[in-house]
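J.: Please find one structure pasted underneath; my questions will follow.
Just so it is clear, none of the values below were taken in a lab; they were calculated from the coordinates. For clarity, every value in this text was computed on a predicted model and none was experimentally measured. As a convention, Cβ positions derive from the backbone with ideal geometry for all residues, glycine included, and neighbour counts pool all protein chains shown.
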Amino acid sequence: MALSYDQSQTLMRDPSFIGRVKVACLKYASFIIDEAPSVAAHNTRYRWAQNTLVDADAVAMKATPAVVMDAQVQTDGSAITDANLQTSVETTLNKML
């Protein structure tokens, strides 16, 4: 069952959840830094990754609302596994980049 609007907005402001999103963003940023320049949209992705490594807190704060709206996060809420959260973060960021 999906989170209610109230549960969703609470999760969007949860410091622990935002911290987990930050770690997932940093992990994805490291992956992007190491990817081949021939990957589609690499320049945009690379700039995002550099910004994330420098200001991970701000990036996580901006990304968290969209991540919370991901289907798996809506299903699992804060109990989402790290692996599923990583997938949700990457899926969400790919839509944004």
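J.: If neighbour count is taken as other Cβ atoms inside 10 Å, put Leu85, Leu3 in order from fewest to most. The partial results should precede the final answer.
T.: On the way: Leu85 21, Leu3 18.
Going from least to most buried by this count: Leu3, Leu85.
J.: With just the Cα atoms defining each centre, how far is segment 6-36 from segment 40-55? Give it in Å.
T.: Here the two parts' Cα centres lie 15 Å apart.
J.: Order these by the 10 Å Cβ neighbour count, fewest first: Arg20, Arg47. Don't skip to the end; give the middle numbers.
T.: On the way: Arg20 20, Arg47 12.
Starting with the residue having the fewest Cβ neighbours, the order is Arg47, Arg20.
J.: Could I ask something else about it? Please determine, in degrees from 0 to 90 and to the nearest 10, the orientation of helix 56-68 with respect to the longest principal axis defined by the Cα atoms of the chain, where the helix direction is its Cα long axis.
T.: Rounded to the nearest ten degrees, it is 50.
J.: Would you mind computing the Rg to Rh ratio of the chain from its alpha-carbon coordinates, Kirkwood style for Rh?
T.: Working: Rg = 13.3 Å, Rh = 13.5 Å.
Using only Cα positions, Rg/Rh for the chain is 0.99.
J.: Sticking with this structure for a sec: Choose one of Thr81, Thr10, Ala36: the residue whose Cα lies farthest towards the positive end of the charge dipole of segment 5-96 (beta-carbon charges +1 Lys, Arg; -1 Asp, Glu; about the Cα centre).
T.: Highest projection toward the positive end goes to Ala36.
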